[in-house]
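Visitor: Let me give you the structure first, and then I'll get to my questions.
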Amino acid sequence: MMQIKVHYKAIFITDNDKETVEYNEIGHYEIGKLSFKDICIYYDNHKVVLSHGTSSLLFDYHKDVYNQYDVGYGKVNITTRLLKFTKNDHSIQMKYQLLDHHDVMTTVYILVEMISYEGA
């Protein structure tokens, strides 16, 4: 596992509202797993798991996935649709939608840039 600098930017678009979350943190990377702060992104050839604290969303490259997402005061039924997932040794790009039944509630764009870190 390699220690890295992580620049994480997520843009959440719901109807006409847009919210951006951005972090610059020290994290850890190995093929198939990136972790920083309380966020983890796991991936393989079939699926992606995005975890934030105790909550996780599962994505499949080829189909929508039903999830029960922990919002702190209970679980919310939500479906995930992965629209794009690309990665290399220096970045991860992800675009997905959160659906309630068949209606799109939110579209999310995530960009993660990873830079070598020679820390203490």
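Visitor: Obtain the radius of gyration and the Kirkwood radius of segment 1-118 from its C-alpha atoms and give Rg over Rh.
Guide: Here the Rg-to-Rh quotient is 0.96.
Visitor: Per 0.36 nm of contour for each residue apart, how much would the distance between Lys5 and His90 grow if the chain were fully extended, relative to their Cα-Cα spacing?
Guide: Extra length from Lys5 to His90 when fully extended: 29.6 nm.
Visitor: Let me ask something else about it. Carbon-plus-sulfur fraction of the accessible area of the chain, 1.4 Å probe, in percent?
Guide: On the chain, the fraction of accessible area on carbon and sulfur atoms equals 48 percent.
Visitor: Now for a different question. Going through segment 58-120, which chymotrypsin sites (Phe, Trp or Tyr not before Pro) have at most 16 other Cβ atoms within 10 Å and a DSSP loop state?
Guide: Counting only loop positions with at most 16 other Cβ atoms within 10 Å, the chymotrypsin sites (Phe, Trp or Tyr not before Pro) in segment 58-120 are Tyr61, Tyr73, Tyr117.
Visitor: Here's another thing I want to ask about it. Given the whole protein assembly as supplied and a 1.4 Å probe, what does the accessible area of Leu111 come to in Å², nearest 10?
Guide: My reading of the accessible area for Leu111 is about 70 Å².
Visitor: Which value, in Å², gives the accessible area per residue of the chain when a 1.4 Å probe is used on the protein heavy atoms?
Guide: On the way: 7570 Å² over 120 residues.
With the other protein chains kept in place, the chain gives 63 Å² per residue.
The values are calculated or read from the model by the stated rules, or taken from the named source; none is laboratory data. Just so it is clear, the model here is predicted, and its values are computed rather than measured. No Cβ is skipped: glycine too gets one built from the backbone with ideal geometry, and neighbour counts run over all protein chains shown. The accessibility values were calculated without ligands, DNA or RNA, using every heavy atom of the protein model including side chains. Shrake-Rupley method; radii C 1.70, N 1.55, O 1.52, S 1.80 Å.
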